[in-house]
1. Kindly indicate whether any position in segment A:272-294 is assigned to a helix (DSSP H, G or I), crowded, with 21+ Cβ neighbours inside 10 Å and within 14 Å of chain B (Cβ to nearest Cβ).
2. Which ones in segment A:239-270 are within 14 Å of another protein chain (Cβ to nearest Cβ), part of a helix (DSSP H, G or I) and among the small types (Gly, Ala, Ser)?
3. From the list A:Ala388, A:Ala382, A:Ala413, which one is assigned to a helix (DSSP H, G or I) and away from every other protein chain (no Cβ under 14 Å)?
4. With respect to the numbered conditions (1) within 13 Å of chain A (Cβ to nearest Cβ); (2) within 24 Å of the chain's Cα centre (by Cα); (3) buried (at least 22 other Cβ atoms within 10 Å of the Cβ), which one is the sole condition not fulfilled by B:Ile120?
5. Looking at segment B:45-76, which of the residues that are among the charged types (D, E, K, R) and under 23 Å from the mean Cα position of the chain (by Cα) is farthest from the other protein chains (Cβ to nearest Cβ)?
6. Does segment B:275-306 hold any residues that are out of contact with any Asp or Glu (no Cβ under 9 Å at 6 or more places or on another chain) and in contact (Cβ under 8 Å) with a residue 40 or more places away in the chain, and which are they?
Amino acid sequence: MNRLVLVARQNLLRCLKDPAALILWLFIPLLIGTLLVLAMGGRGGPKPRVHLLIADEDDSFGSRLVTGALTSDRTADFVQAEKVDRGTGRQRLEKGDASALLVIPKGFAQAVLREEPTRLLLLTNPAQRILPGIAEEMLRLLSEAVFYAHRLLGPELHQIAQAATAGKSVMPDAEISRLSVSVNDAIRGLRSYLFPPVIKLESVEPPQLASSAGGAVSFAISFLPGIVLMALLFAAQGLSNDIWRERETGVLRRMVTTPLDLTSIVVGKVLSATAVLAATSGVILAVGMAYLEISLARWPLAVAWSAGSGAVLTLLLLVIQLHASSHRAASFLTFSVLFPLLMLGGSMFPLAAMPRWMAAVGACTPNGWAASRLNDILAGQATGSAVATGFLSILVAGALLFFWSRGRLASFARR
Amino acid sequence: MIEVTGLQKRYGELVAVDGISFRAEPGQIFGLLGPNGAGKTTTIGCISGLLEPTGGHVRLLGHDVVTAGRTARQQLGVVPQELALYEDLSATENLLFWGGTYGLRGATLKARIREVLTTIGLLDRAHEPVKRFSGGMKRRLNLGCGIVHQPKVLLLDEPTAGVDPQSRMRLLDLVRDEVARGACVLYTTHYLEEAESLCHRLAIMDHGKIIAAGTLPELRAMAGESDLLVLRGRFEPDQARVAFGALAGVEVVEATTEALRLALPDASHKLAAIFASLAAGGAEIRETTLTQPSLETLFIKLTGRKLRE
């Protein structure tokens, strides 16, 4: 026992002598995580919306249809439309007060009904990139809708246009009913395609975690387990790579000539690694949980889980290091394993945001598996038996990897 | 005490150590002498438990290093040829760790560390990272880490390799101190002066075998009173053997078309006769080397090459 503590203390001491590495293991995942969370709109708060100024110079039934479409309840989530005149609109756009200014020119509705060329003017705010793009896409969809409406209801629309040009303020009842029947027939013909639509849309949303306040929190929270696992993987790589430094400086050979046995050397290393991983994940979890308003009562279990998973990942990378033919090859090999694990295991993109097949593969990676369970712990959805089974699995995997690395260490030290 | 019996270490077809046997006593330094690649470090590796012998036995204080490795290593101190230190840690932290591996703890360990730091002359640099030390200081600390637990058996694998003369003298004094304490020291080197001044008993190794062993006087006697004369040039080997056969006391150690190696007493006075005899046979002499009797001459006599070749 004394020897285990001795080796663990020695490894910890050496870690502390290299604070730059410790900071990097913390800083890189936190930086990447912060960037990803910001890119996804942060923790919550107001969603960014397209602030669209509309100058309706046509002021017709047709132009009001367009304005209505853009200000309907369905689009209110992502478009905030506001009617202005062209001059005011331009001034406000120049001040950066909106994402775009849509000008509906005079005669727009007539041109649309007659299927004549017309133009909608969209002025965009150059300081924004994504929101004006959304406005452009919406108008493109609108123009396509007009095109298809003409393909379906061309004669009817022409008749309406002619009636308007002839100055008929009121159409005869017979005319209106004929047009209605005609439109109804056209729509009935399309019923099988439109009701229900032939394209089925399935929306997949990441599991919503409950905040300590009880409400659902944003998509950003699903990044936290991945970020923790990213930090653990980076730290595990660095900690396992230390075996090569010990070999190259001759201390590993010297250690083998002392009464220290190989078990003490490996277990001592794993113990010190576990302490470092607990500290690393502890900091990230504390920051993340505070930011995302997750109950800190879950912190101890989350840290214990992270440290345990990290210890197994360290052993896994240690086994790889011990099989490499040189220090350079060891680094290459471990990074070759590390980056696919990061990509697949939910550290770069949450598993919930991946295609189903990829998420299934990712969940089978060691870090993906650990991240899923950490997700459950953070969400307060981990049952006692699930936690116990998880820790038992860690123990079994750790034991197997321990025997493998211990067996390999003897020849590694003597090479 | 170190007892090595029929020790063999093979790497596939290569025989690194070929059935060597020797015994080193407490309070004495046993020197293993030989050129690079002779098998000295492999022998040390087998004795220290780092390498598993292919054959034979090694006992330290009566404990077999294979079957009772941990017990055997408990009283063993190893100072490897390459520096084996944690360079990012201080001298004290290194000594704390290596002392701890042998079970030293607490006040005993701290007292012993202070003692070692004083002995190796690093007390004033005790808390500095080792990476700031000079080569000689690192060598001294390397030795310090091997003796911090006051081992009864000490293996020193070329501990003075690459150090300046001043540090070398200091290191040798430290080794003598350990012997005075009663340690049994196995010392490998290819520096003959070191071996001659330090070792009580010596074994000369070449190609994995011990080719001569004994005390320094015994080995000198093996070399005989003869000087060694090496001639390089162009020779007729058979003619040379016949010609020197006629000269009293001249032993032809080696004769090739390019070199002649002769062992003869008082060679400097016989040079004229030797040259005349060779000239008569049409030989051409380009280089002449005359060496007084020493371990070097014994080694050359036994192996046909210099120790540091």
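The values are calculated or read from the model by the stated rules, or taken from the named source; none is laboratory data. Since the structure is predicted, the reported quantities are computational estimates derived from the model, not experimental observations. Note: ideal-geometry Cβ built from the backbone for every residue, glycine included; neighbour counts use all protein chains shown.
1. Looking through segment A:272-294, at least one residue is assigned to a helix (DSSP H, G or I), crowded, with 21+ Cβ neighbours inside 10 Å and within 14 Å of chain B (Cβ to nearest Cβ).
2. Hits for segment A:239-270 are A:Ser264, A:Gly268.
3. On the way: A:Ala382 fails: assigned to a helix (DSSP H, G or I); A:Ala413 fails: away from every other protein chain (no Cβ under 14 Å).
Selected residue: A:Ala388, the only one of A:Ala388, A:Ala382, A:Ala413 that is assigned to a helix (DSSP H, G or I) and away from every other protein chain (no Cβ under 14 Å).
4. Status for B:Ile120: all satisfied but (1).
5. As a first pass, look at segment B:45-76 and keep what is among the charged types (D, E, K, R): B:52, B:59, B:64, B:70, B:73.
Narrowing the set further to residues that are under 23 Å from the mean Cα position of the chain (by Cα) leaves B:52, B:59, B:73.
Details: B:Glu52: 8, B:Arg59: 16, B:Arg73: 5 Å.
Only one residue fits best here, namely B:Arg59.
6. B:Glu284, B:Ile285, B:Arg286, B:Glu287, B:Thr288, B:Thr289, B:Glu296, B:Leu298, B:Ile300, B:Lys301
Condition check ((1) at pLDDT 95 or above; (2) within 32 Å of the chain's Cα centre (by Cα)) across all residues:
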{"position": "A:Val256", "(1), (2)": "no, no"}
{"position": "A:Asp261", "(1), (2)": "no, no"}
{"position": "A:Ser264", "(1), (2)": "no, no"}
{"position": "A:Ala279", "(1), (2)": "no, yes"}
{"position": "A:Val283", "(1), (2)": "no, yes"}
{"position": "A:Tyr291", "(1), (2)": "no, yes"}
{"position": "A:Ser295", "(1), (2)": "no, yes"}
{"position": "A:Ala304", "(1), (2)": "yes, yes"}
{"position": "A:Gly308", "(1), (2)": "yes, yes"}
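Here's the yes/no breakdown for (1) charged (D, E, K, R); (2) assigned to a helix (DSSP H, G or I); (3) at positive phi:
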position	(1), (2), (3)
B:Arg114	yes, yes, no
B:Gly121	no, no, yes
B:Asn142	no, yes, no
B:Pro151	no, no, no
B:Val163	no, no, no
B:Gln166	no, yes, no
B:Met169	no, yes, no
